């Protein structure tokens, strides 16, 4: 599996264009076939970026990591989803808590007030201990 991290669409586009130019040269493409090959892959790059909402991830995290691998039939697959977090940022422990109605309402009110999810609210409250 290959992983590449990009900090902008332009960086992603430039990387793929250079890669496709090299592949076209290796295949011996010239003239119209060369231009058509590059255009096909530029369109695919834009489609992949949009289909996977990579701009949203870029704005949220400041970078996007794309993983490419081959499946059991040899077809290339492109990783979708969130970029991988560095090991130091991964959360490794999960807990389950039962709450009565009153405490649950307080928690959901806090979450709405701060515009955060329940997990983040619990982390904040634990940090304040």
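Among the criteria (1) touching a strand residue (DSSP E or B) at 6+ places or on another chain (Cβ under 9 Å); (2) under 19 Å from residue 59 (Cβ atoms), the one residue 11 does not fulfil is (1). Taking (1) surrounded by 15 or more Cβ atoms within 10 Å (Cβ to Cβ); (2) within 17 Å of the chain's Cα centre (by Cα); (3) modelled with pLDDT of 85 or more in turn, residue 7 satisfies each apart from (1). Report yes if some residue within segment 35-57 is modelled with pLDDT of 85 or more, under 21 Å from residue 123 (Cβ atoms) and surrounded by 12 or more Cβ atoms within 10 Å (Cβ to Cβ); otherwise report no. There is no residue in segment 35-57 that is modelled with pLDDT of 85 or more, under 21 Å from residue 123 (Cβ atoms) and surrounded by 12 or more Cβ atoms within 10 Å (Cβ to Cβ).
The values are calculated or read from the model by the stated rules, or taken from the named source; none is laboratory data. Note that the structure is predicted; figures quoted are calculated from it, not measured. Cβ atoms come from the backbone with ideal geometry, glycine included; neighbour counts cover every protein chain shown.
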